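Q: Here it is, the structure in full.
The values are calculated or read from the model by the stated rules, or taken from the named source; none is laboratory data. What you are looking at is a predicted structure, and each value in this text was computed from that prediction instead of being measured. Cβ coordinates were reconstructed from backbone atoms using ideal geometry, including for glycine residues, and neighbour counts include every protein chain displayed.
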Amino acid sequence: MYKIGELSRLCHIPVKTLRYYDSEGLLVPDEIDRVTGYRYYSAAQLADCYRIISLKELGFSLEEIKKHMHASSDADILELVENKYTELTEKSKELSLQMKKLYHIKKSISEGAKTMFHVSIRSGDTINVIFQRKIYAAKTDAEEMVKHIKAALPQHMIGERTIIVNYEMEYRESDLDLAACVEVTGKFINNLEYEEMTFTFSGEFATLACRREQLDDGYHAMLSQIHEIDYQIIGASYEIYYDDGTVELKIPVCKKVKCIDAPIERQTFENDEAVVGKWEIRDIVTSKEQFVYGNPKCPEARNSVWCELYFPEGGEPYWFLKGWTKGFLYLEATTPEPHIVAMPYIIESLNERTIMFLQIPRRYSDGSKDAVPQLLVFEKVSNQSILAKDIQISAN
């Protein structure tokens, strides 16, 4: 038997810590002298000490170690180990992201950057706005529109922020798809020519704050940092202006992934009359909000393999498409071996036109590149039912 001091020297655990382990029921001595109060530990508990030390080094909390020590089966221990492995994997990703951010800051300083822009990935916040979205000849025209909207609104309803939303997918100097927005507070009868909307920043957004005159540099810094930390842009950018000259820049992002879609089990066919017929592509975008009819962000979409799309009767397959059911179009993939992936679609009515948004799987055939989320946008051009065999003939 070992006294508590002896066990402390053998295991290099302070006596105070051993007493705490006793009080917590983690390492209870085999005997306690009723007269002196001395704690005595068996040789077997020496192994328990090393087990506790080892588990602490692996990142287990004392509560988790207690569960580990009291586990009644290998299955219970395996569950604890798997949970800790998952937790440490997530922490490793966070640490990797922090290191990339620090590297970017270090690089910017070493290259003589005059201003440090601190980009964070966060969510939250909603803003109620009155806005007008259209194709503006220049950004200054959208800024002028903001002034017109503010002048038309009851002054007591105007919030402290104005917003310019840029829906373009690449840099343009003119003919810009923008929304000029003014924050409003409370509800009122909207008899104006402008529209109402609530912006909800619920996903992941790259965010930074800067002075108005620093906005161009802020954009450059944000795009650079987004690339450095392996994120990608997936939607419109929001320039949120405050009265004191501060601008908050928000851009929706997602983590880049290297993936190949897992095989799926095809669902039982369910008919969807709304999708049957012929569709023609109108655009390829990264988010629904970026689509504007007649102003494609990707004009070359018309020359892609997706220029036409048919949904034949009964969900029958044709070409490299392997059929459909309500809500999904099935696509044949070939890597790493032939399998079927599901492409979800939604159908919406837009100015008496029927529009479909079809989600491209986030995959590449060789699995070595970063998959980019995209939406194929189609317009329905014929409701006429068609048989799969006829599509095959016309496609050839």
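Q: Which members of the range 284-310 meet the condition of being assigned to a strand (DSSP E or B), over 15 Å from I346 (Cβ atoms), in contact (Cβ under 8 Å) with a residue 40 or more places away in the chain and not aromatic (F, W, Y)?
A: Pass one, the range 284-310, residues assigned to a strand (DSSP E or B): 284-285, 308-310.
With the extra rule that they be over 15 Å from I346 (Cβ atoms), the set shrinks to 284, 308, 310.
Adding the requirement that they be in contact (Cβ under 8 Å) with a residue 40 or more places away in the chain leaves 284, 310.
Of everything in the range 284-310, just one residue is assigned to a strand (DSSP E or B), over 15 Å from I346 (Cβ atoms), in contact (Cβ under 8 Å) with a residue 40 or more places away in the chain and not aromatic (F, W, Y), namely I284.
Q: While we're on this one: Of all residues in the range 63-76 being of a type in the set (A, V, I, L, M, F, W, C) and surrounded by 14 or more Cβ atoms within 10 Å (Cβ to Cβ), which is farthest from C11 (Cα to Cα)?
A: Within the range 63-76, the subset of a type in the set (A, V, I, L, M, F, W, C) is 65, 69, 71, 75.
Then keep just the ones that are surrounded by 14 or more Cβ atoms within 10 Å (Cβ to Cβ); that gives 65, 69, 71.
Working: I65: 17, M69: 17, A71: 23 Å.
If we take residues in the range 63-76 being of a type in the set (A, V, I, L, M, F, W, C) and surrounded by 14 or more Cβ atoms within 10 Å (Cβ to Cβ), then A71 is farthest from C11 (Cα to Cα).
Q: Ok, one more. Examine the range 293-302 for a residue that is farther than 30 Å from Q225 by Cα and among the aliphatic types (A, V, I, L, M), and state whether such a residue exists.
A: no
Q: Assigned by TED's automatic domain parsing to the domain that holds G218, in a strand (DSSP E or B) and exposed (fewer than 14 other Cβ atoms within 10 Å of the Cβ): is that true of E160 in this structure? Explain how you work it out, then say what you get.
A: Details: assigned by TED's automatic domain parsing to the domain that holds G218: yes; in a strand (DSSP E or B): yes; exposed (fewer than 14 other Cβ atoms within 10 Å of the Cβ): yes.
Against the criterion (assigned by TED's automatic domain parsing to the domain that holds G218, in a strand (DSSP E or B) and exposed (fewer than 14 other Cβ atoms within 10 Å of the Cβ)), E160 qualifies.
Q: So for the range 282-304 (the condition being among the acidic types (D, E), surrounded by 18 or more Cβ atoms within 10 Å (Cβ to Cβ), under 27 Å from K256 (Cβ atoms) and modelled with pLDDT of 90 or more), does at least one residue qualify?
A: So in the range 282-304, the residues among the acidic types (D, E) come out as 283, 289, 300.
Still in the running and surrounded by 18 or more Cβ atoms within 10 Å (Cβ to Cβ): 283.
Next cut, under 27 Å from K256 (Cβ atoms) only: 283.
Subset that is modelled with pLDDT of 90 or more: 283.
Yes, the range 282-304 contains at least one residue that is among the acidic types (D, E), surrounded by 18 or more Cβ atoms within 10 Å (Cβ to Cβ), under 27 Å from K256 (Cβ atoms) and modelled with pLDDT of 90 or more.
Q: Which residue pairs have Cβ atoms closer than 6 Å, lie 6 or more positions apart in sequence or on different chains, and pair a first residue in the range 18-33 that is more than 15 Å from Y50 (Cα to Cα) with a second residue that is in a loop (DSSP other than H, G, I, E, B)?
A: Filtered contacts from the range 18-33: D22/V28; D30/S42.
Q: Scan (1) free of Cβ contacts under 8 Å to residues at least 24 places away in the same chain; (2) part of a strand (DSSP E or B) for the single condition D216 breaks and write down its number.
A: (2)
Conditions tested, residue by residue: (1) within 29 Å of the chain's Cα centre (by Cα); (2) in the same structural domain as E213 (by TED's automatic domain parsing); (3) surrounded by 19 or more Cβ atoms within 10 Å (Cβ to Cβ); (4) not in a strand (DSSP E or B).
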| position | (1), (2), (3), (4) |
| --- | --- |
| I135 | yes, yes, no, no |
| D141 | no, yes, no, yes |
| K147 | no, yes, no, yes |
| V165 | yes, yes, yes, no |
| K187 | no, yes, no, yes |
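Q: Check K93, K84 and return the single one that is part of a helix (DSSP H, G or I) and touching a Gly at 6+ places or on another chain (Cβ under 8 Å).
A: Numbers: K93 fails: touching a Gly at 6+ places or on another chain (Cβ under 8 Å).
The match here is K84.
Q: Test Y242 against the stated conditions and say whether it is surrounded by 14 or more Cβ atoms within 10 Å (Cβ to Cβ) and in contact with a strand residue (DSSP E or B) (Cβ under 8 Å, 6 or more places away or on another chain). Working first, answer last.
A: On the way: surrounded by 14 or more Cβ atoms within 10 Å (Cβ to Cβ): no; in contact with a strand residue (DSSP E or B) (Cβ under 8 Å, 6 or more places away or on another chain): yes.
Judged against the criteria, Y242 is not a match.
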